[in-house]
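Asker: Take a look at this one; I'll ask things after.
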Amino acid sequence: MSDAPPSEPSSPGAGASAGRPDEDFFARGPETGGELAGLVAETSEGGQELRRRKATGAGELRREVGAVLRLPEGHVVDPSDIDVERSDDETMIINMGPQHPSTHGVLRLMLELDGETVLRTKPVIGYLHTGMEKTGEELTYVQGATNVTRMDYLSPLHNELVFSLAAEALLGVEVPERAVWIRMLMAELNRVSSHLMWMATNGMDLGSTSMMIYGFREREMVLAFFEKTTGLRMNHNYIRPGGVAADLPDGWEDDVTVICDTVLPRLDEYDELLTGQPLFRQRTESIGKISAEEALALSVTGPILRSTGIPWDLRRAMPYLHYDQVDFDVVVGTYGDNFDRYSIRLNELRESIRIIRQVVERMPTGDYRLQDKKVTPPPRARIDESMEALIHHFKVFTEGFKVPEGEVYVAIESPRGELGCYLVSDGSSKPYRMHIRGPSFVNLQSLPVMMRGGLIADAVAVCSSVDPVMGEVDR
Amino acid sequence: MTAAEVNVAGGSSSRVPGRPHQEVAFVARDVYVGAVEAYRGAGFEMCADLCAVDYLLLGDRHVAEGVVPERFEVVVNLLSLSQRRRVRVRVQVPESDPSIPTLFDVYPGVEAMEREAFDLFGIVFDGHPDLTRILMPEDWEGHPLRKDYGVGRVPVQFKEAPGPR
């Protein structure tokens with residue numbers, strides 16, 4: 001129980017939201033009435049910002065200092081060690097973002113500094129909130145994939161995949177074999193492009209401009225293949241409930257093989273450029289450490305969880321699609337620091353390419369989408385000759401298809417961690433509630449833990465190693 | 001209370017033919033934290049997800065035997081890494097008193113998720129250390145994911161028209 005229940009209008013710091021609070025406000029502290037009461041009434045929800053120590057309740061401060069990660073008291077640090085009485089004159093609260101280039105979007109980090117040391121961190125998010133979960137309730141299941149694909153814009157196909165899997169679970173249909181393998185191929189290619197993008201931006205954040213150019217160069221090849229297959233470089237709307245939107249283009253095996261053959265040796269070049277470089281290692285090793293217990297408690301998934309040594313990858317642990325039929329290794333780290341997260345992503349690229357090669361070999365022939373006219377539109381050629389086909393085509397794209405009542409939670413391993421979709425259907429053609437569990441949103445909670453006690457110069461590196469995509473954080 | 005008792009007492013898991021099996025437990029609000037603690041003791045190391053649903057428009061919906069459906073529902077997805085198992089805890093929250101105890105002391109990772117549910121549904125999580133809006137601006141009025149939230153109520157702004165606020 002915190003000292004000030006948030007439901008009460010007297011919760012501290014509620015004033016911080018109304019315009020720019022002056023220094024007097026902080027000096028007065030939260031307990032004064034009068035003018036402050038007016039501020040509180042206007043913004044009864046309380047402030048989102050990191051506040052000065054004087055204006056923060058003792059209980060909240062203890063939690064924040066013990067772990068801005070807000071672990072329960074005592075979980076991380078002995079509360080008696082915490083200098084609650086520390087004067088605000090010795091520390092400084094600064095904003096990093098929301099326009100800071102290394103926050104990968106519009107993430108705002110409020111840092112409390114003592115000199116160059118970070119004492120507390122608080123991520124402030126919501127600058128990119130566009131109400132996509134609300135929008136999802138207004139779109140049919142046919143249109144839904146267009147909406148979710150814009151959430152995590154670096155791995156759009158994973159978003160479409162999890163939405164389609166959830167819708168298919170509610171429908172109780174099984175997609176054809178070829179569609180499953182196409183989905184695996186595209187998902188792994190997307191993992192490659194997403195991790196390459198991360199290698200690029202991470203290199204940039206640490207001062208390696210060459211890495212940025214290289215990463216974008218390789219990613220371009222994957223995006224060119226996506227454009228050839230889906231028509232778009234990003235936000236493809238390719239994976240839809242019932243299968244995929246189109247078959248793979250002629251000669252796709254060659255394209256994919258070229259991508260694999262090019263990216264794989266380039267990964268060795270990255271190794272030479274970064275992995276062995278003393279400067280790079282000094283900036284990553286034992287920086288931004290997190291323990292397995294902390295990661296589990298904070299619901300952190302993906303490369304951050306694996307960097308602590310826990311071999312948790314949904315592709316292996318709870319296989320979906322046909323991941324149980326391909327060979328790949330789950331890459332884990334030991335120390336949970338920036339370097340482990342870097343090596344995990346670098347080696348996951350290799351594993352993804354390994355999976356892609358197996359998919360190319362084993363791709364079956366057949367339909368690329370379900371031939372159920374109640375779920376998927378009929379082939380274009382049938383529309384010219386069959387009235388019934390035309391009607392079904394019209395129905396699918398105007399009304400959509402009805403999905404039986406129920407609720408389902410489906411999770412897949414996106415490049416950033418567990419990407420979940422919770423769908424509630426009321427039996428109509430639109431989801432009654434669509435909730436996306438974005439891995440970036442949850443992983444951001446680990447930032448204060450990783451940054452505590454570190455240098456502000458490393459804050460950029462730590463933030464980068466979390467790999468947040470703000471489109472997914474804010475949805 | 002052990003997890004097994006929870007399953008007997010308030011839990012039920014239903015299997016729908018043709019759909020993947022998903023474990024669902026309905027838990028009453030007053031035993032909610034204890035039940036989740038029992039699950040944690042039974043090996044569910046992680047709270048993967050927490051979200052809310054507003055069932056305003058679905059009055060006569062189907063829930064398990066002995067559970068009275070309420071307007072709001074808080075859905076907690078627990079994950080056991082050791083058993084490779086998920087369980088979904090569904091808690092009914094009445095419209096008259098939209099509050100529920102926080103899970104923060106069991107799973108600190110729900111901090112942001114509970115703030116999100118509070119922000120978008122107005123469900124108050126008692127005991128949460130910092131229950132503020134997380135996605136919407138601090139001075140936003142209303143809770144957008146509620147079904148009775150007026151979408152598109154803000155008029156289109158033509159040049160001469162006064163602003164919405």
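Asker: Starting from region A:336-365, keep only residues that are on the phi > 0 side of the Ramachandran plot, then list their pairs with residues that are assigned to a helix (DSSP H, G or I) whose Cβ atoms are within a distance under 8 Å, requiring at least 6 positions of separation or different chains.
Answerer: A:G336/A:A292; A:G336/A:A295; A:G336/A:I304; A:G336/A:S307
Asker: Can you list residue pairs whose Cβ atoms sit under 7 Å apart, with the first residue in region A:215-234 being closer than 21 Å to A:E160 by Cβ and free of Cβ contacts under 8 Å to residues at least 24 places away in the same chain and the second being assigned to a helix (DSSP H, G or I) and open to solvent by 80 Å² or more (accessible area, probe 1.4 Å)? Count only pairs 6 or more apart in sequence or on different chains.
Answerer: From region A:215-234, the pairs are A:R233/A:E227.
Asker: So, A:E388, is that one out of contact with any Leu (no Cβ under 6 Å at 6 or more places or on another chain) and open to solvent by 30 Å² or more (accessible area, probe 1.4 Å) or not?
Answerer: Working: out of contact with any Leu (no Cβ under 6 Å at 6 or more places or on another chain): yes; open to solvent by 30 Å² or more (accessible area, probe 1.4 Å): yes.
Yes, satisfied.
Asker: State all residues of region A:358-379 that are open to solvent by 60 Å² or more (accessible area, probe 1.4 Å) and more than 22 Å from A:A145 (Cβ to Cβ); if no residue qualifies, say none.
Answerer: A:E361, A:R362, A:T365
Asker: Sticking with this structure for a sec: Would you be able to tell me the number of residues in region B:88-111 that are hydroxyl-bearing (S, T, Y), more than 7 Å from chain A (Cβ to nearest Cβ) and open to solvent by less than 30 Å² (accessible area, probe 1.4 Å)?
Answerer: Adding up the residues that qualify gives 2.
Asker: Further question: Suppose we filter B:A28, B:A3 for residues that are more than 10 Å from chain A (Cβ to nearest Cβ), modelled with pLDDT of 85 or more, farther than 28 Å from A:L444 by Cβ and out of contact with any Ser or Thr (no Cβ under 9 Å at 6 or more places or on another chain); which single one remains?
Answerer: Selected residue: B:A28, the only one of B:A28, B:A3 that is more than 10 Å from chain A (Cβ to nearest Cβ), modelled with pLDDT of 85 or more, farther than 28 Å from A:L444 by Cβ and out of contact with any Ser or Thr (no Cβ under 9 Å at 6 or more places or on another chain).
Asker: Turning to a different aspect of this structure: Please verify whether region A:437-450 includes one or more residues that are more than 13 Å from chain B (Cβ to nearest Cβ), surrounded by fewer than 21 Cβ atoms within 10 Å (Cβ to Cβ) and at pLDDT 85 or above.
Answerer: no
Asker: Same structure again: How many residues, within region A:233-245, are open to solvent by less than 20 Å² (accessible area, probe 1.4 Å) and over 21 Å from A:S194 (Cα atoms)? Talk me through it step by step, then tell me what you get.
Answerer: Here is the first cut: in region A:233-245, the ones open to solvent by less than 20 Å² (accessible area, probe 1.4 Å) are A:236, A:238-239, A:241-244.
Applying the additional criterion that residues be over 21 Å from A:S194 (Cα atoms) yields A:241-243.
Result for region A:233-245: 3.
Asker: Counting only residues that are more than 29 Å from the chain's Cα centre (by Cα) and open to solvent by 30 Å² or more (accessible area, probe 1.4 Å), how many does region A:246-276 have?
Answerer: Selection size over region A:246-276: 4.
Asker: Which one of A:D313, A:D268 is out of contact with any Lys or Arg (no Cβ under 6 Å at 6 or more places or on another chain), on the phi < 0 side of the Ramachandran plot, without any contact (Cβ under 8 Å) to a residue 40 or more places away in the chain and of a type outside the set (A, V, I, L, M, F, W, C)? I'd like the intermediate steps shown before the answer.
Answerer: On the way: A:D313 fails: without any contact (Cβ under 8 Å) to a residue 40 or more places away in the chain.
Selected residue: A:D268, the only one of A:D313, A:D268 that is out of contact with any Lys or Arg (no Cβ under 6 Å at 6 or more places or on another chain), on the phi < 0 side of the Ramachandran plot, without any contact (Cβ under 8 Å) to a residue 40 or more places away in the chain and of a type outside the set (A, V, I, L, M, F, W, C).
Asker: For the condition among the polar types (S, T, N, Q), in a loop (DSSP other than H, G, I, E, B) and open to solvent by 10 Å² or more (accessible area, probe 1.4 Å), what is the one hit in A:T130, A:T146? Show your work before the answer.
Answerer: Details: A:T146 fails: in a loop (DSSP other than H, G, I, E, B).
Unique residue meeting the criteria: A:T130.
Asker: A further question on this structure: For region B:8-25, which residues satisfy the criterion of being among the polar types (S, T, N, Q) and either at pLDDT 65 or above or open to solvent by less than 60 Å² (accessible area, probe 1.4 Å) (or both)?
Answerer: Let us first name the residues in region B:8-25 that are among the polar types (S, T, N, Q), namely B:12-14, B:22.
Across region B:8-25, the qualifying residues are B:S12, B:Q22.
Asker: Could I ask something else about it? Basic (K, R), at pLDDT below 90, surrounded by fewer than 24 Cβ atoms within 10 Å (Cβ to Cβ) and under 15 Å from B:C47 (Cβ atoms): is that true of B:R85 in this structure?
Answerer: Considered against the rule, which asks whether it is basic (K, R), at pLDDT below 90, surrounded by fewer than 24 Cβ atoms within 10 Å (Cβ to Cβ) and under 15 Å from B:C47 (Cβ atoms), B:R85 comes out as yes.
Asker: Continuing with this model, one more query. Quick one: which of A:S414, A:S428 is of a type in the set (S, T, N, Q) and touching a Ser or Thr at 6+ places or on another chain (Cβ under 6 Å)?
Answerer: A:S414
Every residue, every condition in (1) among the hydroxyl-bearing types (S, T, Y); (2) touching a His at 6+ places or on another chain (Cβ under 7 Å); (3) assigned to a helix (DSSP H, G or I); (4) on the phi < 0 side of the Ramachandran plot, yes or no:
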{"site": "A:Y422", "(1), (2), (3), (4)": "yes, yes, no, yes"}
{"site": "A:S428", "(1), (2), (3), (4)": "yes, no, no, yes"}
{"site": "A:H435", "(1), (2), (3), (4)": "no, no, no, yes"}
{"site": "A:S440", "(1), (2), (3), (4)": "yes, no, yes, yes"}
{"site": "A:S446", "(1), (2), (3), (4)": "yes, no, yes, yes"}
{"site": "A:D458", "(1), (2), (3), (4)": "no, no, yes, yes"}
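The values are calculated or read from the model by the stated rules, or taken from the named source; none is laboratory data. Since this is a predicted model, take the numbers as computed values, not measurements. A quick note on method: Cβ atoms are made from the backbone with ideal geometry, for glycine too, and the neighbour counts reach across all protein chains shown. These accessible areas exclude ligands, DNA and RNA; they are computed on the full protein's heavy atoms, side chains included. Shrake-Rupley method; radii C 1.70, N 1.55, O 1.52, S 1.80 Å.
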